[in-house]
Amino acid sequence: MIQVKPNIAAMTAYTAVWKNLDRRKYLRLDLNENTQPLPEHVNAALKRLIEEQSLQMYPSYEHFLPKLGQYTNTELDHLVITNGSDQAIHIILTAFLGQGDTLLIAEPEFPIFSLSAQINGANIRKVPYNEDMSFPFAQFCDAIGDDTKLIVIINPNNPTGTLVSIEQIEIILAENPDIPVIVDEAYFEFTGITSQPLLAKFPNLIIIRTFSKAFAMAGLRLGYILASAEITSQLYKIRAPFDVNCCALAAAEAQIDHPAEWQAYVREVMAVSKPMLESFFDQHDVSYYLGAANFMLVRSKQRDEVVRHLREHGILVRPMLATAIQDTFRLGIGTALETQRFIDVFQRFQHQKVI
């Protein structure tokens, strides 16, 4: 009988809750995506790429990397582009974790970190978030031991939306100079908060970002890593030379060159739609956790019924499975019109049931 490695055999495959569902037919508030289609300047860039008959060639990164360096204000040897931030996670964990090593993370967390750690045969030490879903700073620091080979901070955290202060991150970096610390900043464009200024002081800092969220490129798969040149030179040994496709590069370059539309979307989500939701929930005594990004956790006594009602009326949200939040659903935030649509549909259920 053909067998895979024991740690792989012991794993459970990631199963999407939307399996066999055509999400295009719904208002998609379940995966924290940009709810709007790509702007015309991106479509034009992709069309040019096809017309130039470039798709049959392996991608070249020479034009894109300087654009990304300028956008991030980063030297090129401090950057690694990846096939989505999921690949960035896997590359970093492969570089630093082996059989029996320990990864430290607060839970509930973005599950790809644990998945990749298991693939590498590592142990996962999880520190629960506080009851109010604030970051358990003291307990997290206490959990760092001699066996800890990698520390992960998701900022803001997915799914709780929790923001970890830059001061707390700096303390963790300073007190553990020999342990690499990942800070996942997937929602940086929504929060404007970053650990990047700490890179010059702490060579153990590794930052991950993505084009999947604010840039509306989740289907094109593009992420990147910010780290010291010493670290990036090692990560390039793991990432294959042509892992990032040319369509993702063309779209990202167009988004960087023409930021007005995605920046306007971010402003609408954070300054209009999110306050609208918070006001509605407060007025109607709906329990929720105030997160820092373009999503929030909503708590309901009839969680599954609410999720089903929303889906039946054309809106997808994400029911949470982690024990501490299993009575919540994660609600992505879109435009003001989309937010009003959610409120109207949610309110119909509220009139029928006690939330």
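Just so you know, all these numbers are worked out from the coordinates, no wet-lab data involved. Owing to the predicted nature of the structure, the values given are computational and were not obtained by experimental measurement. With ideal geometry, Cβ positions are generated from the backbone for all residues, glycine too; neighbour counts draw on all protein chains shown.
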message = If the elastic network links every pair of Cα atoms under 10 Å, which of Gln70, Gln196, Gln263 fluctuates the most in the Gaussian network model of the chain?
response = Gln70
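So, counting K/R as plus one and D/E as minus one, what does the shell of residues with Cβ under 15 Å around Ser85 add up to? Intermediate values should be presented prior to the final figure.
Working: positive: Arg209, Lys213, Arg221, Arg239; negative: Glu33, Asp86, Glu109, Asp184, Glu185, Glu189, Asp243.
Neighbourhood net charge equals -3.
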inquiry  = Show me the ranking of peptides 44-55, 82-93, 269-280 by mean Cβ neighbours inside 10 Å, starting with the highest.
reply    = 82-93, 269-280, 44-55
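Per DSSP H run of at least 4 residues, take -39500 (n - 2.57); add these up for the chain, divide by its residues and hand me the 222 nm value, nearest 500 deg cm²/dmol.
-10500 deg cm²/dmol
Peptides 161-170, 219-228, 319-328: what's the order by average Cβ count within 10 Å, highest mean first? Each step should come with its number before you reach the end.
Values: 161-170: 17.8, 219-228: 21.7, 319-328: 16.0.
Answer by packing, highest mean first, reads 219-228, 161-170, 319-328.
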Label-to-label distance, nm, for residues given as Val17 and Cys141 (7 Å Cα→Cβ offset) = 3.5
note = Rg (one decimal) and Dmax (whole number) from the Cα set of segment 1-151, in Å, equal 20.3, 57
request  = Please give every one of the aspartates and glutamates within straight-line cross-link reach of Lys237, meaning a C-alpha to C-alpha distance under 14 Å, and leave out same-chain neighbours fewer than 8 residues apart.
outcome  = Asp77
Farthest toward positive dipole pole in the chain [+1 Lys/Arg, -1 Asp/Glu at C-beta], among Ala240, Phe280, Gln347 = Gln347
ask   = Using a simple spin-label model with points 7 Å from Cα along the Cα→Cβ vector, what separation in nm is obtained for Val4 and His351?
value = 5.0
message = Report, in listed order, any pair from Lys47/Lys274; Lys5/Lys301; Lys19/Lys126; Lys274/Lys301; Lys67/Lys213 with a Cα-Cα distance greater than 30 Å.
response = Lys47/Lys274; Lys5/Lys301
ask   = Under 17 Å Cα-Cα from Lys25, which aspartates and glutamates qualify once same-chain neighbours fewer than 8 residues away are excluded?
value = Glu33, Glu312, Glu338
ask   = What percent do you get for the relative contact order of segment 51-257 when only Cα pairs under 8 Å and 6+ apart count?
value = 27
task = Determine the dipole magnitude for the chain: charges of +1 sit on the beta-carbon of Lys and Arg, -1 on that of Asp and Glu, nothing else is charged, the reference point is the Cα centre, and the result goes in debye to the nearest 20.
result = 1160
Net charge dipole size for segment 11-162 [Lys, Arg +1 and Asp, Glu -1 on Cβ; Debye, nearest 20] = 560
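What's the magnitude of the charge dipole for segment 51-257 around its Cα centre, counting Lys and Arg as +1 and Asp and Glu as -1 at the beta-carbon? Answer in Debye, nearest 20.
300
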